[in-house]
Every structure is written in C-alpha cells, then in structure tokens.
Amino acid sequence: SQMSRIAYVNGQYREMRDASVNIEDRGYQFSDGVYEVCEIRDGRMVDLPRHLARLQRSLHELRIDMPMSLAALEVVMHEVVRRNRIGYGIVYLQITRGVARRDHAFPTTPVRPAVVVTARSLSFQKNQDTAARGIGVITVPENRWPRVDIKSVSLLPNVLAKQQAREAGAYEAWFVDRDGFVTEGSSSNAWIVTGEGRVVTRSADEGILAGITRAVLIEVLAALQISLEERPFTPEEAYGAAEAFVTASSQIVMPVVRIDGRPIGDGTPGPIASRLREEFHRFAAFS
Ligand code: PMP
C-alpha cells in the first residue's frame, strides 16, 4: 500500500492532503518567499549547512525574518525525511513572508513568516539511467530579473523556459544574456569542458544563482587537479566543446550530449563529467 506523505506546515506535521496554507499567504499572492532543495542520499541530507547559509542570505536580501532557529529548522527537515522514509530523493523547504491582507508593500504589523517542508523519493536508477544517456539542452534568451542570486520562489521565466525545453524534446534550457553568453539553466548551473580538458563555468558574481553543487564541484576539481576557468561562454563555444554538463542538487552532475540539436563531443556523456559525477559525494557533507 502507498504510504501517505507527510509535510511540515507552520509548526505541524500533516498528511499531504490536509497540508494547506492560507490563500492570503504572500507566497501565493506575490511569490514573496524563498526556497531550498537538498539531495537526500541514504536518508541523509547532502551539504545541508551550505543550503541553510544560502537560505539565510536569500531571506536577508528580501528582508524576511528567519522564523525559527537554524537548529530547529534542521530538526524539522530531518523529521520530514524520516517520517517520509526517504532513502534517495529530495527535501524541499520554503519560507514566505507570511499571511496578510493583500497589499504589495510589506505588512505594517509584523506577521510570522510561513514555513513549509516536504520531501519525496526519487528513483536512483532512473537518475543514473538519464546520466548514462545524457540530456539535451536548448538555449533561450535571458528574461529574468537581475536578482537571480536570490533563491526566490518567483520562477515564471524558469517555468516557461523548462516547458519550452520539454516541448523541444530537451531536458533543460540555458538562458543566454544580451551579450551572447550563457548564464545558467532554468534549474541548474551550466558547464563545458574545453578540448584541453579545462572545465569552464560562469563566475557566480553576476547573472546566476550560486549553486551549492557548483561550489562543492569547484572543490572537487581542485582536489582532482582538474583546471577550472570561471568565465562566461557562448552557445557557439559550447557547440564545439569536448563536453558539457549541468549541476543541481537533485541531479548532481548531469552530462549534456546535445545543445540546440547539435551533438556535443561524440554525442555521449564525456569522461570528465562522468568522473565528476562519480567522485562528487566523496567531497559532500552529510547530515
Ligand atoms: N540555478 C538555478 C536557477 C536553480 O534553480 C538551481 C537549482 N535549484 C541551480 C542553479 C543549482 O543550484 P544547487 O546546486 O544549489 O541546487
């Protein structure tokens, strides 16, 4: 029988069908909130301290108060993973500014930010199979606001880009800025490998979310003595690259074998991407 899923909603653990928020929650009305996604492996959260640090930063940038201590939040996340008996999957955390009569400006009398935590199992084998095949990517014009460094739940351009990829038979869309450079994927960071075996990804200074997988992978590269260039690249450079891949917490390193219909390298997952995928968790922190 199907085990019912449990969500944490504002202080309570509830069955999914009873888990709901107020329709005047500012997350629902204005996308006025932030989120994090952590990978779960063997029932443990991957790189949780880094995710919580980024969460704090996102909240700070939006001037949303942290409604509970980080320690308490960590307990809740563990509890949601445990109650849903997740071995492999993801845990999702969302904090919104809270419930108030609809008005664009912040509530004048302070409200308590709303906290939701959910978790779900993913198929490890399915993910491995996708990585073994590699994925297709399309490029689309960058149309997001400049504050993509904030991990906000306001994801409309990302949603439309991902759907466009789906309809083109691809898995991810890479945004291309007005100067002709790839910024990042709709839900991942973008990477290529040059013919000389140098790994290239855009600097986290501007135009991208500072991915946690990206940050850890940079440490993996240093440990494996693979050289890194933090600089932007164009779709044209990517078409001619030896390899390409994307990173995200739910996918770790996912090889890209096709961009805008053009095969990358020999059209199969590259050796560096595959190696990085295998080595990643030796360098990850488990909670
Ligand atoms: N960029 C965007 C726009 C994303 O949505 C994500 C995944 N949440 C990433 C990059 C990758 O970040 P992370 O490695 O922290 O999951």
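Rule-based calculations on the coordinates, nothing more; no lab input. What you see is a predicted model, and the numbers here were worked out from it, not measured in a lab. Here Cβ is always computed from backbone atoms with ideal geometry, including for glycine, and neighbour counts include all displayed protein chains.
Identify which of 167, 230, 219 has the largest mean-square fluctuation in a Gaussian network model of the chain, with springs joining Cα atoms closer than 10 Å. Its mean-square fluctuation being the largest, the pick is 167. If we count every other residue with Cβ under 15 angstrom of residue 111's Cβ, Lys/Arg +1 and Asp/Glu -1, where does the sum land? Charge balance in the 15 Å sphere: +1.
Evaluate the charge dipole of the range 23-92 about its Cα centre and quote only its size in Debye, nearest 20, assuming +1 on the Cβ of each Lys and Arg and -1 on the Cβ of each Asp and Glu.
260
Between the beta carbons of residue 203 and residue 15, assuming R0 = 30 Å, the FRET efficiency works out to 0.10 to the nearest 0.05.
Considering only 46, 246, 226, and ranking their Cα positions along the charge dipole of the chain that arises from unit charges at the beta-carbon of Lys, Arg, Asp and Glu, the one farthest toward the positive end is 46. Once the cut-off is 26 Å, how many percent of the Cα-Cα pairs in the range 96-222 end up in the long-distance tail? Value for the range 96-222: 37 percent of Cα pairs lie more than 26 Å apart.
Treating each Cα of the range 85-148 as an identical point scatterer and ignoring solvent, apply the Debye formula and state log10 I(q)/I(0) at q = 0.29 Å⁻¹. The Cα Debye sum returns log10 ratios of -1.12. Taking the dipole about the Cα centre of the chain, with the C-beta of Lys and Arg at +1 and of Asp and Glu at -1, give me whichever of 8, 66, 173 is farthest to the positive side. Of the options given, the answer is 8. Charges were assigned to the Cβ only: +1 to each Lys and Arg, -1 to each Asp and Glu. The resulting dipole of the chain about its Cα centre is roughly 980 debye. For the Cα trace of the chain, dividing Rg by the Kirkwood Rh returns an Rg/Rh value of 0.97. Look at the alpha carbon pairs under 8 Å that are at least 6 residues apart: their mean separation over the length of the chain gives a relative contact order of 18 percent. Measuring nothing but alpha carbons in the range 211-287 and taking Rh as the Kirkwood radius, the Rg to Rh ratio lands at 0.97. Since only 272, 185, 95 are under comparison, the one whose Cα sits farthest along the positive direction of the charge dipole of the chain, derived from C-beta charges on Lys, Arg, Asp and Glu, is 95. Here the convex hull built on the C-alpha positions of the range 22-76 has a volume of 103 cubic angstrom per residue. Averaging the sequence gap over all C-alpha pairs within less than 8 Å and six or more residues apart, then dividing by the number of residues, gives the range 90-243 a relative contact order of 18 percent.
Computed from the C-alpha gyration tensor, the three semi-axes of the ellipsoid equivalent to the range 143-205 are 21, 16, 10 Å, from longest to shortest. In the chain, the DSSP-assigned H stretches of four residues or longer account for a calculated mean residue ellipticity at 222 nm of -8500 deg cm²/dmol, using -39500 (n - 2.57) per stretch and the full residue count as denominator. What's the local net charge at residue 202, with K and R +1, D and E -1, over the other residues with C-beta under 9 Å away? Overall, the nearby charge balance is -3.
The Cα atoms of the range 176-257 give a gyration tensor whose axes a ≥ b ≥ c have a/c under 1.5, which makes the shape rounded.
Take every DSSP beta bridge whose two residues both sit in the chain; close to 80 percent of them are antiparallel.
Loop-located trypsin sites (Lys or Arg not before Pro) in the range 174-247 (DSSP state not H, G, I, E or B) with no more than 11 neighbouring Cβ atoms inside 10 Å: 178.
With N residues in the range 1-124, what two-decimal value do you get for its Cα radius of gyration over 2.2 N^0.38 Å?
For the range 1-124, the normalised Cα radius of gyration comes out at 1.08.
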